[in-house]
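The values are calculated or read from the model by the stated rules, or taken from the named source; none is laboratory data. Note that the structure is predicted; figures quoted are calculated from it, not measured. As a convention, Cβ positions derive from the backbone with ideal geometry for all residues, glycine included, and neighbour counts pool all protein chains shown. The protein model used for the area step is the full one, side chains on, heavy atoms only, and it has no ligands, DNA or RNA in it. Shrake-Rupley method; radii C 1.70, N 1.55, O 1.52, S 1.80 Å.
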Amino acid sequence: MSNAGARSAFDPAVLFKALFLGLIAIFVLVPLLATLLGGFKSLGELRVNPFGLPRHWEWQNYADILFSARYWQLLRNSLVISTLAVTLTLITASMAAFTFAHVRFFGSSMLLSYLTLGLLFPAATAVLPLFIKVRDLGLLDTYFGVALPQVAFSLAMSVLLLRRFFKDIPYELLEAALVDGCSYIKFFRYVTLPLSRPILATVGTITFVNSWNAYLLPLVMLNTDALYPWPLGIMVYQGEYSSEWHLILAFITLTILPTIILFLLAQKHIVAGLTAGAVKG
Amino acid sequence: MARRIAITSPVGVAGEAAPQVAVRGPGWDGRFTVLILFLPPALLLFTLFVVLPIGEAAWYSAFNWNGFGRPTNWIGFDNYRFVLETRAFWLALRNNGLIIAVSLAVQLPLALTLALMLAERFRGAVALRMLFFMPYILAEIATGLIFSFVYDGDYGLVASIWRAFGAEPPHLLASTDTAMLAVLIVVVWKYFGFHMMLFIAALQSLDKSLVEAARIDGATRTQTLRHVVIPLLYPTIRLSVFFAIIGSLQLFDLVMPLTRGGPADSSNTMVSFLYNNGISRMRVGYGSAIGVILFAICVTFAFTYKRWFMRDE
């Protein structure tokens with residue numbers, strides 16, 4: 001602290017740093033602020049004054065969207081799909097991770113590397129056969145048709161993260177419980193899961209964000225507008241209102257708002273999950 | 001360790017264990033129950049929706065098939081030939097190369113510089129970290145739409161700057177000369193914060209005694225940075241490069257709202273090329289061939305990179 005105070009404001013290194021950080025902050029902020037403020041302008045004003053504060057605040061742009069059934073339907077669809085994806089991922093991944101962490105069996109490491117393969121390739125490479133499979137299963141145009149592949153693709157990372165955490169639960173604990181007649185399943189339910197809340201929150205948040213933002217899978221699996229999650233819905237909206245940017249900007253702002261709120265609430269889990277998964281995955 | 005093996009060594013196979021089901025506790029039967037209940041859901045989902053489709057893509061790519069009924073029109077490797085003969089495919093491949101180049105040459109140095117600045121504690125550091133990370137949290141679709149406004153030739157931010165100088169504003173996204181450049185700028189905007197966070201996490205878990213030792217030995221700030229800090233970051237840098245390349249190969253969501261791969265295929269990535277040619281027209285064989293090529297590139301890259309650069313991690 002005293003060190004920072006001792007440096008004079010005219011230290012060129014400090015000045016350069018402040019300038020550089022300021023420039024990058026402007027680079028990041030301007031598009032975001034222009035979007036938020038653009039939603040408060042009329043189309044005519046947007047054309048002559050895209051940067052500045054609105055001279056006349058058009059609350060109506062936002063109100064129209066907030067009071068439309070369409071907006072809430074998109075959010076609801078996204079919420080349903082993401083909740084399904086998170087729930088199923090947490091259940092299946094934690095069970096598998098528990099087995100890989102605590103149960104020794106023949107082929108364990110082979111099966112784990114098999115799952116790990118999932119880290120290597122993008123869903124896009126197999127999206128056509130995936131579409132045909134989902135169609136043959138009768139899941140086309142259903143929430144599950146989107147959520148199940150999302151779960152499958154999130155499993156590799158989730159199992160790895162959870163397994164590493166589960167392994168840190170002292171083995172003596174499991175041993176003692178087993179000697180006392182506790183079953184593996186009870187141990188999993190009453191010891192492992194409660195102890196693992198932080199990592200479960202992290203994995204859940206990451207899965208949620210990925211599912212919430214996903215575009216390609218819903219695009220391929222859903223045909224009915226009524227089922228569209230918001231990334232699909234906003235593309236349709238943009239198509240309909242092609243150059244009425246003031247409305248589109250208001251719509252964008254209102255759809256990214258939940259993401260930003262979630263981020264502010266769960267930033268610890270999001271950053272932890274991304275960097276933990278990245279640095280050691 | 002020894003105790004662990006004694007208790008959990010695989011003493012039998014499923015058939016032998018079955019009669020002992022009544023015995024509760026640390027026996028094979030307890031593990032057997034877990035095995036048959038806990039593993040299948042994950043393995044089944046993974047196999048059904050990840051592994052099988054990759055295999056099926058290889059199979060379908062040998063057919064001329066529109067996705068209805070069963071594939072019957074076997075054409076061997078012709079789909080691959082068709083893909084490789086399409087100029088737009090090579091454009092898409094080149095664009096993925098450009099994205100990789102910009103990620104490595106612009107994005108990662110920027111992220112590293114910012115991380116070195118923001119890993120130190122000063123007022124506003126945490127707020128700036130969060131701000132720079134924000135674009136990464138936004139959906140690609142939202143990001144793309146925001147920038148299609150920024151670039152809009154009539155209402156956008158770029159256009160109004162042009163007009164301020166009295167010039168006729170360009171339609172950046174509608175010109176084959178500038179569309180890809182515009183996409184590349186958005187790529188940097190969106191992803192540099194993620195790499196910055198990786199570097200900050202690494203810097204914070206760094207062994208500080210090494211840095212202090214260098215300072216005590218009389219190394220300047222720059223020398224410490226060049227000869228101590230950066231080398232200690234090499235594992236993270238290698239990882240960051242890995243993510244940047246794998247991510248660049250998969251880019252799709254960002255391109256769709258900006259240009260849909262156009263104009264004239266000038267800003268297609270491999271995935272948007274796959275979407276435009278395989279999925280929206282349901283040319284399953286052709287699209288699958290593109291998918292298999294992309295898969296081969298990703299896997300070859302991942303294994304080569306791991307072998308060459310990440311041997312000890």
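Would you please give the residues with an amide H less than 5 Å from that of residue B:63, counting only those at least 5 places away or on a separate chain, with H modeled from the backbone geometry?
Counting only residues 5 or more places away or on other chains, the set is B:75.
Kindly provide the chymotrypsin sites (Phe, Trp or Tyr not before Pro) of the range A:1-91 that DSSP labels as loop, not H, G, I, E or B, and whose Cβ sees at most 10 other Cβ atoms within 10 Å.
Listed in order of number, the matching sites are A:10, A:67.
Using the charge dipole of the protein assembly as shown (Lys, Arg: +1 at Cβ; Asp, Glu: -1 at Cβ; taken about the Cα centre), state which of A:122, A:205, B:137 has its Cα farthest towards the positive end.
A:205
Could you list the square roots of 5 times each eigenvalue of the Cα gyration tensor of the range A:1-128, that is, the equivalent ellipsoid semi-axes, sorted largest first and rounded to whole Å?
46, 33, 15
Work out the P(r) tail for chain B: percent of alpha carbon pairs separated by more than 29 Å, whole number.
It works out to 58 percent of all Cα pairs.
Compute, for the range A:179-281, the length of the dipole vector about the Cα centre, with Cβ point charges of +1 (Lys, Arg) and -1 (Asp, Glu) only. Units Debye, rounded to 20.
Computed charge dipole of the range A:179-281: roughly 620 debye.
In 10 Å bins starting at zero, report the fraction of Cα pairs in the protein assembly as shown per bin as a rounded %.
Final binned percentages: 3, 15, 24, 25, 19, 10, 4, 1, 0.
I'd like the accessible area for residue A:179: 1.4 Å probe, protein heavy atoms, all chains in place, Å² to the nearest 10.
110
So how much accessible area does residue A:269 have, in Å² to the nearest 10, using a 1.4 Å probe?
50
Explain nothing, just compute: Karplus ³J(HN,Hα) = 6.51 cos²θ - 1.76 cosθ + 1.60, θ = phi - 60°, for every residue of the range B:50-62 in order, whole Hz, x for Gly and Pro.
Running phi through 6.51 cos²θ - 1.76 cosθ + 1.60 with θ = phi - 60° gives 10, 6, 4, x, 5, x, 5, 4, 4, 5, 4, 5, 8 Hz.
From the C-alpha coordinates alone, can you work out the Kirkwood hydrodynamic radius of chain A, in Å?
The Cα-based Kirkwood calculation yields 22.3 Å.
I need the chymotrypsin sites (Phe, Trp or Tyr not before Pro) found in the range B:72-156, filtered to DSSP loop residues with at most 14 other beta carbons within 10 Å of theirs.
Answer by residue number: B:77, B:122.
Just counting partner chain Cβ atoms within 10 Å, what average do the residues of peptide B:49-60 show around their Cβ?
6
What chymotrypsin sites (Phe, Trp or Tyr not before Pro) in the range A:201-281 are in a loop by DSSP, with at most 13 other Cβ atoms within 10 Å of the Cβ?
Sparse-neighbourhood loop chymotrypsin sites (Phe, Trp or Tyr not before Pro): A:241.
For chain A, what's the relative contact order in percent, using C-alpha pairs closer than 8 Å and at least 6 residues apart?
Across chain A, relative contact order equals 30 percent.
About the Cα centre, and with charges only on the beta carbon of Lys, Arg (+1) and Asp, Glu (-1), how big is the dipole of chain B? Nearest 20 debye, please.
640
Buried accessible area for the B:A pair, summed, 1.4 Å probe, in Å² rounded to 100?
Between B and A, the summed buried area is about 9200 Å².
Report ³J(HN,Hα) in whole Hz for each residue of the range B:203-212, in order, from the Karplus equation J = 6.51 cos²θ - 1.76 cosθ + 1.60 where θ = phi - 60°; Gly and Pro get x.
Rounded to whole hertz, the list is 4, 6, 9, 5, 6, 5, 5, 5, 5, 4.
Just to verify a number: what accessible area does residue A:110 come out at with the full protein assembly present, 1.4 Å probe, Å² rounded to tens?
140
To the nearest whole percent, what portion of all C-alpha pairs in the range A:39-82 is separated by more than 14 angstrom?
57
I'd like to know which of B:127, B:164, A:100 lies farthest towards the positive end of the charge dipole of the protein assembly as shown, counting +1 on Cβ of Lys and Arg and -1 on Cβ of Asp and Glu.
Comparing the listed Cα positions along the dipole, A:100 ranks first.
Run lengths n ≥ 4 of DSSP H only: what is the helix-derived mean residue ellipticity at 222 nm for the protein assembly as shown, with -39500 (n - 2.57) per run over all residues, to the nearest 500?
-22000 deg cm²/dmol
Using the Karplus curve 6.51 cos²θ - 1.76 cosθ + 1.60 with θ = phi - 60°, work out ³J(HN,Hα) for each residue of the range B:236-253 in order, rounded to whole Hz, and write x for Gly and Pro.
Values per residue, Gly and Pro as x: 5, 4, 4, 5, 4, 4, 4, 5, 4, 6, 4, x, 5, 5, 9, 4, 8, 4 Hz.
Which of the lysines could a cross-linker span from residue A:167 if the Cα-Cα distance has to be under 21 Å and same-chain partners fewer than 8 positions apart are dropped?
The reachable lysines, counting only those whose Cα sits under 21 Å from residue A:167, are A:186, A:280.
Report, in order of residue number, the helices in chain A meeting two criteria: a C-alpha extent of 18 Å or more along the helix axis, and a mean Kyte-Doolittle hydropathy of at least -0.5; treat each whole DSSP H run as one helix.
The answer, listed by residue number, is A:12-38, A:69-102, A:143-167, A:197-213, A:245-280.
Taking the Cα centre of the protein assembly as shown as origin and charging only Cβ (+1 Lys, Arg; -1 Asp, Glu), how large is the dipole, in debye to the nearest 20?
1140
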